[in-house]
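So the structure is just underneath, and the comments pick up after that.
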Amino acid sequence: MITKTELDSVLASHAAWLRWKGGVRADLTSVDLTKADLTKANLSGANLTGVNLSGANLKGANLTGANLTRANLSGADLLWANLTRADLTGADLKGADLKGADLTGADLTGVDLWIGNRRVEAKCD
């Protein structure tokens, strides 16, 4: 488990990296972020391989080009999240809210986008 202070530090360093102002790309490989509040977080290009984001709040988050291979996003709130070109290979999206999420160009290999008897509605062009 990572503390909120540690997570805030990773996010700040990643933000600097995105602006070419030093910092380092976020690498949260296999970190437990269960129920974390990442509302509107900018994690574009981050390495989130195997991260546990079950029940996390990712409303409006920018996950463009993020590596979410084998990530646990079960029950996560991804309302209006940007997952453009994200790698979601083998990710668990059971019960995730993807309303309005942009999955354009995302790799959904091995991902089940059916919830109950209905297909998840998300932009996947």
Original post:
If you take the residues in segment 4-48 that are farther than 20 Å from Thr69 by Cβ and polar (S, T, N, Q), which one is surrounded by the fewest Cβ atoms within 10 Å (Cβ to Cβ)?
Top reply: Thr5
**OP:** Spot the failing condition for Arg85; the list is (1) in contact with a Gly (Cβ under 9 Å, 6 or more places away or on another chain); (2) open to solvent by 40 Å² or more (accessible area, probe 1.4 Å); (3) more than 24 Å from Gly110 (Cα to Cα), and only one is missed.
**Re:** (3)
Original post:
Restricting attention to segment 17-61, which residues are among the polar types (S, T, N, Q) and part of a loop (DSSP other than H, G, I, E, B)?
Top reply: Thr29, Ser30, Thr34, Thr39, Ser44, Thr49, Ser54
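Sort out which residues of segment 94-125 are at pLDDT below 90 and part of a loop (DSSP other than H, G, I, E, B), and write them in order of number. Outline the logic, then answer.
Applying the first criterion (at pLDDT below 90) to segment 94-125 yields 110-125.
If the condition is that a residue be at pLDDT below 90 and part of a loop (DSSP other than H, G, I, E, B), then Gly110, Val111, Asp112, Leu113, Gly116, Asn117, Val120, Glu121, Ala122, Cys124, Asp125 are the ones that fit.
The values are calculated or read from the model by the stated rules, or taken from the named source; none is laboratory data. All values derive from a computational prediction rather than experimental measurement. Using ideal geometry, Cβ is built from the backbone for each residue, glycine included, and neighbour counts are taken over all protein chains shown. Accessible surface is based on the protein model in full, side chains and every heavy atom, while ligands, DNA and RNA are left aside. Shrake-Rupley method; radii C 1.70, N 1.55, O 1.52, S 1.80 Å.
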